[in-house]
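What follows is one structure encoded as structure tokens, with my remarks underneath.
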Amino acid sequence: MDIFDRYAPLVQEFIYKKGWTALRQVQAQAAEILFDTEDNLLVCSSTASGKTEAVFFPIITKLLEDTPRSFAVLYIAPLKSLINDQFERMTELLDMSDIPLCHWHGDVATSHKAKALKNPSGILQITPESLESMLMNRSSDIPRLFGDLRFIILDELHAVMGADRGRQILCQLQRLGHIIGYHPRRIGLSATIGDPEGAALFLGQGSGRQTLLTRSAEDHPKMRLGVEHFFIEPESENARPLEIEQNVQGRVLPVLVDAPTENPRFDAGYEYVYRCCKGKSTLVFSNSREETEYTTATLRQMAAEKGDEDNFLIHHGNLSAALREETETRLKLSEKKYTACATVTLELGVDIGSLERIVHIDAPNTVSGFLQRLGRSGRRGTPPEMMMVIREELPLPNAPLPQIIPWNLLRAIAVIQLYLEERFIEPAANKRLPMSLLFQQTLSVLASSGELSPAALAGKVLNFPPFFAVAKEDYKELLRSMIAGEFIQITEEKGLIVGLAGERLTNSFKFYASFKDSEDYTVRCGSDEIGTITSTPPVGDRFALAGRVWEVEELDVPRRLIYVKAVKGKMEVSWPGDYGEIHTRILERMLQVLREDTVYPYLKQGARERLQAAREAARRTGITKNAVLRLGGFTYCFFPWLGTRSFRTVRKLLHHYAGELGISGIEFEGCYHLTFKMEKPGAEALPAKLLSLMERDGLTVYDLVKESDAPAYDKYDPYIPPSLLRKAYATDRLNLDEAKKRLSDLARW
């Protein structure tokens, strides 16, 4: 009540109108920090726990006590839809005050922006891309717009922290602070932070302020989970009665789904998804846009076949703003029970009303993603609820060992158990050499500043926190390359300005984003066009497209072409990048799932039977006790149980020493296993042999990247010198230390 008494009267009135009888713990903690200190603040609390109100109640109170002379609050969010949603919520709160509220992104009317520019005051809600544009194109007006800026709020911090987008925001905040002469207080909001102390350090970088954390124990007391497994068959016989709810000790209860009344006419897995959604307000999450499109079309087809009403919606980033907003509005305001099929675009904190159930097609890649998606339901005092539906191709009778293990099912269980047992959430991926972002920020600073000497440019850019690890010699090499490519130009006074090629980039609105735009790369196999992907894998790597797996043979970056050949097998994680990465702890927990006999209460009958079969196969074959197994003849399979980066490192090690070890035909699937041919004896001792060879040679991670490699992952990588790309690849996409430790452990099995 002490905190409540310190709120402004209009805030107190808002609380009364909402019928709230008490403040939550996170709201009291945040208010104390914002009222009584000048520190930054990181609010870590579960979804729908009142984080937004926790920071805005005291901020609004402080603004009413001291009227700002410019924008006083800069709210940065990663999604337009999140800004639109928060704009509506804040409008209600600010309705009785004189504090202006402006939202600013590509879909906002010019007249709304012009009004805000004419009289900057109150709260500005903006995307990182629009802020980049403002810093570039309105640099001389920044002191007037932000001269009295007091708070910077980063919403959904976890969504950007491990990506170039988050590092871009840090650069922007550094530039903004340099222009206005001080660094305002920063506030981060997130429901799924695995390393709060690390997140606090990230948030405060360059601000000169201490960052304090809220620590709330207010979580959902229970969660309702279910996992079911189906084989993909032309005529499915998987329909089975679903168990009745049973009393289960602890926090996890099984999800109830009505038993089918007849054998499914469609794919059994999608029939099950349909039943999960029927009569409930539901979100169906997929791991890709393609799967989302296919799921939506399939569910609509089922509704038509069954004579049911089509209550299925869709939401992903490649849809128009109008269609996305229609989906959000229907979910939030309609009395109908809609089902929306979505990707990450509805994973974040947009208020879409009271959802009864989350359905997830296959397993989430991360614990963080699992929690974020689970938290979209259970927002009105009921436990959050999720059903994972795992679909797997039926293994052939003569299928090799790796293909009879249900990797997706194991990953689903591992993700759930890691959180239930350890409250584990992946820490944000660290990138020490973000070369693509360095290229972008160099052009952006030059475009906003005009002519700068090389020393002055380096002094500005290399002082941005994301570039602290970039050596001056490496930056000189980048600048020389940018001059040669006419991205920047040397003046007669020996200064640097944006060059002709740089102007072509900076004059496009697509320049403001640090992530890749929709100008995809076309994939061709011979004369056949296969489709498009958004990134360029290195030559020799693989990706999934059009239901098949392809290996890159040649890259034509200027023409945006990728030439491939078809290879056997399948891949479960779409190429490429940070968002598809799997943490090593998940692989370790998957191994434990195979080793233990635990009966997990959330598994349905099909999932329990499939897991039991997998455990029996693992024990018969020795997969849980031996890292290398013989598949027949000279073919072996290696199970390192490592996450994406360390698995990639082991794969590089095998290629590096393939000739000396007599290894050929190296194949791999995701980060689960590698197969290879080896005629020499001793394949079972492969981990020990690799360790011995590395020790003999004093191998470093940079030795694993060939001179011919130029792995382009990020947006501006095609413009980066190959030597810098190789250095960044070795530094940020390989993990030799973890790989060596795992090989040492496996050598003792």
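Things worth noting here:
- Taking 0.36 nm per residue of sequence separation and removing the Cα-Cα distance, the D5/T21 pair yields an extension gain of 4.4 nm.
- Kirkwood Rh (inverse of mean 1/r, distinct Cα pairs), the range 272-367, angstrom: 13.4
- All Cα-Cα separations within the range 686-747 were binned at 10 Å from zero, giving a P(r) of 20, 42, 25, 12, 0, each value a whole percent of the pairs.
- Sequence-distant aspartates and glutamates (8 or more away, or on other chains) whose Cα lies within less than 20 Å of K740: E581, E588, E660, E684, E695, D697, D703, D732
- One chain, two ends: D95 and K625. Fully extended at 0.36 nm per residue, the span grows by 184.3 nm beyond their Cα-Cα distance.
- Seen from Q172, the other residues with C-beta closer than 11 Å to its C-beta sum to a net charge of +1, counting Lys and Arg as +1 and Asp and Glu as -1.
- Using the Cβ-Cβ distance between E588 and Q612 with R0 set to 30 Å, the FRET efficiency works out to roughly 0.90.
- Förster radius 25 Å - calculated FRET efficiency between A685 and I404 (Cβ-Cβ, nearest 0.05): 0.50
- Straight-line cross-link reach from K494 at under 24 Å between alpha-carbon atoms covers these lysines, not counting any fewer than eight positions away in the same chain: K460, K472, K476.
- Dipole check for the range 365-497: with +1 at the C-beta of Lys and Arg, -1 at the C-beta of Asp and Glu, and the Cα centre as origin, the magnitude is about 460 Debye.
- Over the range 1-88: Rg over Rh, Cα atoms, Kirkwood Rh: 0.95
- Signed unit charges on C-beta, dipole axis of the chain, positive-most listed residue A747, A728, L173: A747
- Extension gain from S140 to R432, taking 0.36 nm per residue of separation minus the Cα-Cα distance: 102.0 nm
- Segments 292-304, 396-408 sorted - mean Cβ within 10 Å per residue, highest first: 292-304, 396-408
- Taking all Cα-Cα distances within the range 411-493, those exceeding 22 Å account for 41%.
- Rounded, prolate or oblate (a/c below 1.5 giving rounded, otherwise prolate when a/b exceeds b/c) for the range 345-444 by Cα gyration tensor: oblate
- Charge dipole (the chain, unit charges on Cβ, about Cα centre) - positive-most of T635, L446, V415: T635
- The packing ranking of peptides 461-469, 276-284, highest mean first, is 276-284, 461-469, where packing means the average number of other beta carbon atoms within 10 angstrom of each residue.
- Kirkwood hydrodynamic radius of the range 621-749, from the reciprocal of the average inverse Cα-Cα distance over all distinct pairs: 15.4 Å.
- Across the accessible surface of the chain, with the other protein chains kept in place and a 1.4 Å probe, carbon and sulfur atoms take up 49 percent.
- Binned Cα-Cα distance frequencies in the chain - 10 Å width, integer %: 2, 13, 22, 25, 21, 12, 4, 0, 0
- Ranking by accessible area, most exposed first, for S140, S130, S453 with a 1.4 Å probe: S140, S453, S130
- Residues N463 and T67, FRET efficiency given R0 of 35 Å [Cβ-Cβ distance, rounded to 0.05]: 0.55
- The range 114-180: C-alpha gyration tensor shape, a/c 1.5 cut-off, then a/b vs b/c: prolate
- Where only DSSP H runs of four or more residues are counted, the chain gives -12000 deg cm²/dmol as its mean residue ellipticity at 222 nm, each run worth -39500 (n - 2.57).
- Solvent-accessible surface of the range 593-749, taken per residue with a 1.4 Å probe and all protein chains present: 42 Å².
- Karplus 3J(HN,Hα) series, Hz, for the range 287-299 with 6.51 cos²θ - 1.76 cosθ + 1.60 (x for Gly, Pro): 8, 8, 5, 5, 5, 5, 4, 5, 4, 4, 4, 5, 5
- Excluding same-chain neighbours fewer than eight residues apart, the lysines reachable from K715 by a Cα-Cα span under 19 Å are K431, K510, K516, K727.
- Cα-based shape type of the range 461-520, given that a ≥ b ≥ c are square roots of the gyration tensor eigenvalues and the cut on a/c is 1.5: oblate
- Take the range 152-231 with all the other protein chains still there, run a 1.4 Å probe, and you get 31 Å² of accessible area per residue.
- Taking a sphere under 10 Å around the Cβ of R619 and counting the other residues whose Cβ falls inside, with K and R at +1 and D and E at -1, yields a net charge of +3.
- Note on D745 and T635: the model spin-label points, each 7 Å out from Cα along the C-beta direction, lie 2.9 nm apart.
- 1.4 Å probe accessible area per residue over the range 440-491, in Å²: 42
- Taking the DSSP bridge list for the chain and keeping only pairs wholly inside it, about 35 percent are antiparallel.
- Alpha-carbon centroid distance for the pair the range 595-648 / the range 695-749, whole angstrom: 27
The values are calculated or read from the model by the stated rules, or taken from the named source; none is laboratory data. Treat the numbers as computed from the prediction; the structure is a model and nothing was measured. Note that each Cβ is placed from the backbone with ideal geometry, even for glycine, and that neighbours are counted across all protein chains shown. Areas reflect the complete protein model, heavy atoms only, side chains present, ligands, DNA and RNA absent. Shrake-Rupley method; radii C 1.70, N 1.55, O 1.52, S 1.80 Å.
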